[in-house]
Amino acid sequence: MCDGNPIIKIMPMPADSNLNGKVFGGWIMSQIDIAGSILARERAQGKVATVAVNHIHFKYPMLIGDLISIYANIIKTGNTSITIKIEVFSNRSNGLNNLKTVDAILTYVAIDDNNNSRILPNLS
């Protein structure tokens, strides 16, 4: 599991399910993108945009009622970009806890008010 506290904790509801009765993959992807953008925005000290979903692997289906914890860690920075590893864990009502359901890597770019890329600020 990633270090620290989750960026997001959320519970999918019935409206988030697909035709098979599992949580819709697009819903999970949007939560992953939100979590990654929160961390990227903190590092960029301003606005960011998603530029790539480098990798996403759905290991197990998520179920309605699972408590979902999404962890994110910066794995690489460039001049304008931030690459983030995201891990998603499910706690199930049947007692199965910390089941790693999804892992992903996304890249964000820092942007200015005109939506042009900008240099990341130095960390002090």
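FYI, it's all coordinate maths here, none of it is from the lab. Not measured: the values here are computed from a predicted model. Cβ atoms come from the backbone with ideal geometry, glycine included; neighbour counts cover every protein chain shown.
Positive contributions from Lys and Arg (+1) and negative ones from Asp and Glu (-1), summed over other residues with Cβ under 14 Å from the Cβ of residue 119, come out at +2.
I'd like the orientation of helix 25-44 relative to the chain: the angle between its Cα long axis and the longest Cα principal axis, in ° from 0 to 90, rounded to 10. Between helix and principal axis, roughly 30 degrees. Computed from backbone phi with θ = phi - 60° and the Karplus coefficients 6.51, -1.76 and 1.60, the 3J(HN,Hα) list for region 95-104 is x, 6, 10, 6, 7, 6, 9, 8, 10, 8 Hz; x is used for glycine and proline. Its relative contact order, with pairs defined as Cα atoms under 8 Å and 6+ residues apart, puts the chain at 30 percent.
Between residue 58 and residue 18, the contour length at 0.36 nm per residue exceeds the alpha carbon distance by 12.9 nm.
Here the Debye sum runs over all C-alpha atoms of the chain as equal scatterers in vacuum, and log10 of I(q)/I(0) at q = 0.14, 0.22 Å⁻¹ comes out as -0.60, -1.18.
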